[in-house]
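Chemist: If you scroll down you'll find the structure; I have some questions about it.
The values are calculated or read from the model by the stated rules, or taken from the named source; none is laboratory data. Because the structure is a prediction, the values reported are computed rather than measured. Ideal geometry is used to build each Cβ from the backbone, glycine not excepted, and the neighbour counts take in all protein chains shown.
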């Protein structure tokens, strides 16, 4: 599956598990080969948060926000916060499509 992030088209992949640097990862963003990979063995809520985490990495890379992109703690806080807002407001995107009320000039 492809995911368009800015001007780049990323390949989105599932993998049973991701092992790197002696530790297990939930997901991985690779800016060189334009891939986002998620480990499929974790619960759905973890996969959702990990997807947002890796998506934020890709957005930061695209916008040359290296200080944020390289700070896993900040990325995780953003991913967790976004997931909470999305889950707590299931109509969030339909709300954003509503037309604002325009007050008529007297």
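Chemist: With the condition kept exactly as written, say whether any residue in region 72-85 is closer than 27 Å to residue 9 by Cβ, part of a helix (DSSP H, G or I) and at pLDDT below 90.
Modeler: No: region 72-85 contains no residue that is closer than 27 Å to residue 9 by Cβ, part of a helix (DSSP H, G or I) and at pLDDT below 90.
Chemist: Which residues, counting only those in region 34-59, are out of contact with any helix residue (DSSP H, G or I) (no Cβ under 9 Å at 6 or more places or on another chain), outside any helix (DSSP H, G or I) and touching a residue at least 12 places away in the same chain (Cβ under 8 Å)?
Modeler: Passing the criteria: 35, 41.
Chemist: Of the conditions (1) surrounded by 11 or more Cβ atoms within 10 Å (Cβ to Cβ); (2) in a helix (DSSP H, G or I); (3) out of contact with any helix residue (DSSP H, G or I) (no Cβ under 9 Å at 6 or more places or on another chain), residue 24 clears all except one; give me its number.
Modeler: Among (1) surrounded by 11 or more Cβ atoms within 10 Å (Cβ to Cβ); (2) in a helix (DSSP H, G or I); (3) out of contact with any helix residue (DSSP H, G or I) (no Cβ under 9 Å at 6 or more places or on another chain), residue 24 violates only (2).
Chemist: Still on this model: Does region 60-68 include one or more residues that are under 16 Å from residue 4 (Cβ atoms), touching a residue at least 12 places away in the same chain (Cβ under 8 Å) and surrounded by 14 or more Cβ atoms within 10 Å (Cβ to Cβ)?
Modeler: yes
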